[in-house]
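**Q** The structure is given below, and queries will be raised subsequently.
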Amino acid sequence: MTGFARASGERAGLYWQWEIKSVNGKALDVRLRLPQGFEALETPLRAALAQAFRRGNLQVSLSVSGALARETVRLNEEVLEQLVAAGEALRERIGGEPLSAGALLSIRGVVEVVPVPEDEAEAERRNAAMLGSFGDALAALAVARREEGARLQAVVSAQVARIAELAEAARVNPARSPEAIRARLAEQVSRLLETGASLDPDRLHQEAVIAATRADIQEELDRLSSHVEAARALLSSEDAIGRKFDFLAQEFNREANTLCSKASDRSLTAIGLDLKTVIDQLREQVQNIE
């Protein structure tokens, strides 16, 4: 299932934006792009995604701007004392004015800008706010995927209906009537007799019965009808059906292959080939189902 969602938030001068992209995938594959310092979000993010979705390649990115770490100014007493002592010693030797505070503060190393350790409780509140806005993006993505799912349901339903139509066309095909089968067998026997071969009539009858039995496609048609009912039940289900539909599409394809191999008439072969075409299209579409 494909989709895209975005959500943003702000707290204490920190601004962030989530983006989630979803493309088709047989399983759930999550890739996260988090800025340095936000690694603690990875576990709850993966848990939320696994709870919301079963399939799809999901790319999650987080962009952050604003002040994350607070800073403060610290006076390096040790360096300052050394500079004052050196300045006084030099003044005693050569004279001059005492070092001013401004001059001392302008010397590198006297004043340092250091980060203030982040309060753990505040960090937890910030992470909770960020996960909350991620939940908004997750909900928006679910809506986008459901909208695509509704469109996909219409396409798959039409394909299943077409399979049912073709199976019914094969079921009522005149080539399956006893008269048509008898005529084909009689023609085949006639061709053999024209060769002058000596054939045992009883054995010939047995072989004709076996050939007719092998060419019968009633079981395949019954299974196709059963698979159509199962597909329609899945389409009306509220649960995740992607994996089940994958298996069902394989079963559809198996029956169509067997029908084509058994078909003893061009019209049945044509129906079988049409079935395989529709089923191949169905197999492509069900890869997108959740």
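Coordinate-derived values only; no laboratory data. What you see is a predicted model, and the numbers here were worked out from it, not measured in a lab. Don't worry about glycine lacking a Cβ; one is built from the backbone with ideal geometry, like all the others, and counts go over all protein chains shown.
**Q** Ranked highest first by average number of other Cβ atoms within 10 Å, how do 56-64, 29-37, 124-132 line up? Kindly include the intermediate steps, with their values, before the conclusion.
**A** Details: 56-64: 18.1, 29-37: 12.6, 124-132: 14.9.
In decreasing order of mean packing, 56-64, 29-37, 124-132 become 56-64, 124-132, 29-37.
**Q** Next up: Run the quick spin-label model on V111 and A233: label points 7 Å from Cα toward the beta carbon, then report their separation in nm to one decimal.
**A** Simple spin-label model gives 7.8 nm for this pair.
**Q** I want the local charge near A150. Using Cβ-Cβ distances under 15 Å, sum +1 for each Lys or Arg and -1 for each Asp or Glu among the other residues.
**A** Details: positive: R145, R146, R151; negative: E147, E148, E238, E290.
Every neighbour counted, the sum reads -1.
**Q** Can you give the alpha-carbon Rg of the stretch 71-115 over 2.2 N^0.38 Å, where N counts its residues? Mind showing how you got there, number by number?
**A** Values: Rg = 12.1 Å, N = 45, 2.2 N^0.38 = 9.3 Å.
Relative to the rule-of-thumb radius for its length, the stretch 71-115 sits at 1.30.
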